[in-house]
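I have placed the structure first, in the form of structure tokens, so that the comments after it can refer back to it.
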Amino acid sequence: MPLMEHIKALRRVLIIAAYAVAAGTVIGWFLSDQGFAFLARPLLDVNRTLFITTTPLEPVLVKIKVSVVIGIVIALPVLMWQLWSFILPALKQNERRYLYLLVPSSIILFLAGASFCFFVVLPIGIKFLIYAGGHAVPATPFVTKTSYLNFILTFLLTFGLVFQLPIILLVLIRIGVLTPRALAKKRRWALLIIIVLAAAFAPTPDLFTQGLMAVPMYMLYEVSIWLGYLVAHKRKKALARKQDGT
């Protein structure tokens, strides 16, 4: 299509996506209290921890932010459909086949990373962070709703993105940039890079949280190597068929 047609198509996608998020946010407004109560569970499970608000606007702003998050989750099928409708016409048939696999796999891995963070990392990490200073002076932790919401959303987003590592490595193997054998030989360097990335992108600077991020990253790296052998084998067969055809 001409450039202006692409721009019009993109504009239509963005408008529909914006309406979907807005509609989801309206629904999320009525679910925001339950949503925040669910997100607050890792902190409320810590004894003697209380939420506070420091400004009159803070409760409303937190409610709006939670509503938007719920709205995005509700609108996710529409967002993905619009994204696909914009991308698919530009792809060949064999390229569409890979997209059908990559997009659902990416969503599943993102949800797996966020779930691992919420149900495993946060309950342990929050207790460690709150009580890391010891009990020499008794104190009751007070946490503002805004700071906690920003904290937990950063954690969930970071772990969701970290769990995209297998997708990235498998795509690089499929297009021939990497090989499983090369990844296996570079395990030591990969471990070092993972530790550096965990230190750089962990939501908090403590070694405990960085370790909780580095361990699943390295496990995903190992899984990517074994899955990479299957992808490389299929790529080799596809190249052989192409050569036979020519």
**Request:** Label the stretch 1-134 by shape, choosing from rounded, prolate and oblate, from the square roots a ≥ b ≥ c of the eigenvalues of the Cα gyration tensor; if a/c is under 1.5 it is rounded, and otherwise prolate applies when a/b is larger than b/c, oblate when it is not.
**Result:** oblate
**Message:** Which of LEU220, LEU178, LEU57 ends up with the largest GNM mean-square fluctuation for the chain, with Cα atoms connected below 10 Å?
**Reply:** LEU57
**Among ARG97, ARG174, ARG187: highest mean-square fluctuation, GNM of the chain, C-alpha pairs under 10 Å** = ARG97
**Prompt:** Taking only Cα atoms, what is the 0 to 90° angle, nearest 10, from helix 122-131's long axis to the longest principal axis of the chain?
**Reply:** 40 degrees
**Asked** Among SER147, SER224, SER32, which one shows the biggest mean-square fluctuation in a GNM of the chain, springs joining Cα atoms closer than 10 Å?
**Response** SER147
**Message:** So if each residue of separation counts as 0.36 nm, and I subtract the Cα-Cα distance between LEU239 and LYS92, what length gain in nm does that give?
**Reply:** 51.2 nm
**Asked** Which value, in nm² and rounded to one decimal, describes the direction-averaged projected area of the C-alpha convex hull of the chain?
**Response** 17.8 nm²
**Request:** Give the long-range amide H neighbours of THR144: residues separated by 5 or more places, or on another chain, with amide H under 5 Å away, using H modelled in the peptide plane at 1.01 Å from N.
**Result:** ILE52
**Message:** What do you get for the angle between helix 145-162 and the principal long axis of the chain? Use alpha-carbon atoms, 0 to 90 degrees, nearest ten.
**Reply:** 20 degrees
**Request:** Please give the helix 58-87 orientation as an angle from the longest Cα principal axis of the chain, in degrees from 0 to 90, rounded to the nearest 10.
**Result:** 10 degrees
**Prompt:** Once the stretch 164-246 is represented by equal point scatterers at the alpha-carbon sites, with solvent omitted, what log10 I(q)/I(0) does the Debye formula produce at q = 0.10, 0.12, 0.26 Å⁻¹?
**Reply:** -0.32, -0.42, -1.17
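Values quoted throughout were computed directly from the atomic coordinates according to the rules given, and no laboratory measurement underlies them. Everything numeric here is computed off the predicted structure, so don't read it as measured data.
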